[in-house]
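This report refers to the structure that appears directly beneath it.
No value in this document is a laboratory result; all are computed from the given coordinates. From a predicted model like this one, the values you see are computed outputs, not experimental measurements. All Cβ positions, glycine included, derive from the backbone under ideal geometry; neighbour counts span all protein chains shown.
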Amino acid sequence: MKVLAFAASNSKTSINKQLATYAASLVKGAEVEVLDLNDYEMPIFSIDRENESGQPGLAQDFLEKIASCDALIISFAEHNGFYSAAYKNIFDWCSRIQPKIFQGKPTLLMATSPGGRGGATVLATALASMPRFAADIRASLSVPSFGENFDVEKGCLSNEDLNQQLLAAVELLV
């Protein structure tokens, strides 16, 4: 089984990337690829830009990564209650090529933040919208207070209750 994991963030120190990487490591026997959205930086989407220059090759590359996997793990950064601009831009470009971006792949959605809501607002948005784009959402998890619940040195959840919830979510993914 090939698992593709990424944080919907372009932060080089993304806590969501740490969470997605850890979650992917829990999929037994999986080949894991962790993407960095910085490798898919494109001009800001606009219909005028698309008409003038066409679609960036990086958008097709991103879609090919999704096509090549058996399951997705995505952890969303919350920027003022919404998706990060980096993720939304990739999403917008990709949707022009393939409206069913997530291609029916089994998907685990997560979010985390330093605060007590753990990215719950952006996670709710993703849960409501991603099925329209062919995400087969199997489970979701919000991890509040990242600094208190994740051991950065060990690269894992330190909160046993949250860790058990994540293990159960990963089981639903496969």
Q: Over the alpha-carbon set of the chain, work out the extent along each principal axis and list the three values in angstrom, largest first.
A: 52, 34, 28
Q.
How high is the relative contact order of the chain? Use alpha-carbon pairs under 8 Å, at least six apart in sequence, and give a whole percent.
A. 23 percent
Q. Which is the longest run of the chain containing none of the trypsin sites (Lys or Arg not before Pro) found in DSSP loop states (not H, G, I, E, B) with at most 16 other C-beta atoms within 10 Å?
A. 29-99
Q) Taking amide hydrogens as modeled 1.01 Å from N in the peptide plane, which residues meet the under 5 Å criterion relative to Phe150, leaving out close sequence neighbours? A) Ser158
**Q.** Volume per residue of the C-alpha convex hull in region 15-59, rounded to whole Å³
**A.** 95 Å³
Q. If you take the charge dipole of the chain about its Cα centre, with +1 on Lys and Arg Cβ and -1 on Asp and Glu Cβ, which of Asn10, Thr107, Ala30 is farthest toward its positive end?
A. Thr107
Q. Running Debye on region 74-147 with equal point scatterers at the Cα sites and no solvent, what base-10 log of I(q)/I(0) appears at q = 0.11, 0.12, 0.25 Å⁻¹?
A. -0.26, -0.31, -1.15
**Q.** Taking Glu160, Glu33 and counting other C-beta atoms within 10 Å, the order from fewest to most
**A.** Glu160, Glu33
Q: Name the long-range amide H neighbours of Asp136: under 5 Å, sequence gap of 5 or more, or other chain; modelled H, no Pro or chain starts.
A: Gly104, Lys105, Thr107
Q) How large is the dipole of the chain about the Cα centre if only Lys and Arg carry +1 and Asp and Glu carry -1, each at its Cβ, rounded to the nearest 20 debye? A) 320 debye
Q) If you find the alpha carbon centre of region 107-174 and of region 1-59, how far apart are they in angstrom? A) 17 Å
Q) Among Gly119, Ser158, Trp93, whose Cα sits farthest toward the positive end of the charge dipole of region 82-166 (+1 at Cβ of Lys/Arg, -1 at Cβ of Asp/Glu, about the Cα centre)? A) Trp93
